[in-house]
Every structure is written in C-alpha cells, then in structure tokens.
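Single-structure report; data block below.
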Amino acid sequence: MLVRSALGAATAPATSEVATPPHVPLPRAGQCCEHGLDLGLDELDALSMHDRRTWLRHVESHQVSRLVTVWDRWRNIEGVLEFFRDRGVGESGSWASIVDAAILEGIERGTAIALGVGQDTFGNPGSTEWANYLLRLQAGRLTKRSVHDAAWSRAEQTATEYGVALAKSRGVRPTGPEWRFFQFSQVYRWLLRNEPTALLALGGPLVSPRVRELRVPFLTWFTDVRSDVPAYRGSAMAWSLAELHPVGGALDALNLLLAYLPTLFEDFLRDTGR
C-alpha cells in the first residue's frame, strides 16, 4: 500500500535551514527543573517518567511561552509520559526510555535554538525540525490545523527515528510490547501527516456507520497535540494490545488504525459525551 512506508525503514526526513531566531533574554540557569535547556540524552534517560513530564511542562510554560502565547504544544507527549509513569514502562536504559529521551532532547534543543540561546543540536536532527516548527508557529505560518499537524509530526518523527537508531547502535533492542507500542505511535504520527487519507479510510465500508458519521470530530480529537487525554487513553489501549499482540499481520498504518479503531472510538465517545 501507499502508506506502508509509514511503518517501514526509519529514514529521517531532510531538515530545512533554521530561520533566524528573535532576540530573547537568556533563560536563567536552573530554570527547567534545576537545569537549563542543556540536558543531554543520557541525563534525560536517567529521569523518571514523572520527572520527565514535570520537566516538559516547565519547558512549555517557562521557555516556549517566550515565543508563543499558546505554548501547550506537547500535551499529547505528556499523556504518554503519564501512562508510562502509571504503568511502570520505560525504565532508564530501556529501549522505550532511550527513544523517549531522544524525543525530549529534540524538543529541548529545538526550543533553545528557536529562542536564540544556542545552536547546538546535540547531534539530534529533531532539534532543527522543532526549532523550525516553533519559529513558524511564532510567525503565524501554522494556523491551519493540517499544516500545523504535519509540521509537528515531521519534527517528532525525526527525533524518534534518531532515538531508534541510537538505541540500535548501543545494542539495546526493544521488547515485543515496546516494538508493537512503537508501531502505534507511528500510526499516530502518520495520521497527523495524512488526514485526507485517514478520513477516506474512516468513511469506508470496513467501519461502522457511527464511525463514518463522526470520523471528522473523532480524528480531530485523537490527533489534538494540545490534550493529554487521547494520548493517555490511546497509550493504555495500545500497550494492552501490544502485550497480547492481537493485531497479527497488520503492518501498514491504515490496517493498524482499523485494528485499534473500536477501542479508540469508544474512548472518544466517552470523553466527548456523545
């Protein structure tokens, strides 16, 4: 299928040149949970999931807020961290922890670059993508939801693939549940970049009439990066399924979406009171 590459070999998209950041006062040392925007991946890997979530919220509210007034752009990642914390997933040094730390490092260094307080990517190509995302957001170039979500997804995808490659280079392999959960996260990022294709699939004969009727608000709810609720519930569902491995040979994004759809849609109905 056309979308099979969404879950295929990890190849980071080419990064574009970072726009010139505005002049912003240098953050005080110790501002982000007793650290500046300079935690390396190994330091982030050493943090508990609770501390990572606290740290990320601090980056949003104290650093990203210097660039944009609506700064809660990683609440969905907070939702995943909250689930990992509650379920005990992602012990430091594990495959899931390393990949997650790479995602957070990209956000951190991208924020620093966008703020103009440093240009070091720490070797993480996601840093440049996140810097561009934030500067485009500040310039008002991401007001259209589909454009915003595609840019957000590309940045996270780049940092994620860097984390996957880094874990492999260190000889750290994912457990079965970790890898299957990762496939779910790939579906999520694919949805952010491919809304028209997803809506077409959700309007097809393989889904219930109720899903077809509500496919637009459902997809809007599920892909809202500014809410931790869908991400938490989606993570809980995906991890439960990953432990049981019920999706079998569903290898591409659309088939995985359809496999997860019944549970996700029930969560959507409960959360929105429909």
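Where a number appears in this text, it was derived from the coordinates with a stated rule and is not lab data. Nothing here was measured: the structure is a model prediction, and the numbers come from that model. All Cβ positions, glycine included, derive from the backbone under ideal geometry; neighbour counts span all protein chains shown.
Of the residues THR121, THR143, only one is surrounded by fewer than 24 Cβ atoms within 10 Å (Cβ to Cβ) and either aromatic (Phe, Trp, Tyr) or over 21 Å from ALA167 (Cβ atoms) (or both); which? Only one candidate passes the filter, namely THR143. Residues that are touching a Pro at 6+ places or on another chain (Cβ under 8 Å), assigned to a helix (DSSP H, G or I) and more than 14 Å from LEU261 (Cα to Cα) within segment 191-231 are absent altogether. Scanning segment 115-134 for residues that are under 21 Å from ARG189 (Cβ atoms), touching a residue at least 24 places away in the same chain (Cβ under 8 Å) and of a type outside the set (Phe, Trp, Tyr) yields a total of 9.
Scanning segment 193-211 for residues that are farther than 21 Å from GLN157 by Cβ and crowded, with 16+ Cβ neighbours inside 10 Å yields LEU202, VAL207, VAL211. The set of residues in segment 76-98 being closer than 18 Å to VAL225 by Cβ and touching a Leu at 6+ places or on another chain (Cβ under 9 Å) consists of ILE77, GLU78, LEU81. Looking for something of a type in the set (A, V, I, L, M, F, W, C) and outside any helix (DSSP H, G or I) - is there at least one such residue anywhere in segment 150-168? No; the residues of segment 150-168 include none that is of a type in the set (A, V, I, L, M, F, W, C) and outside any helix (DSSP H, G or I).
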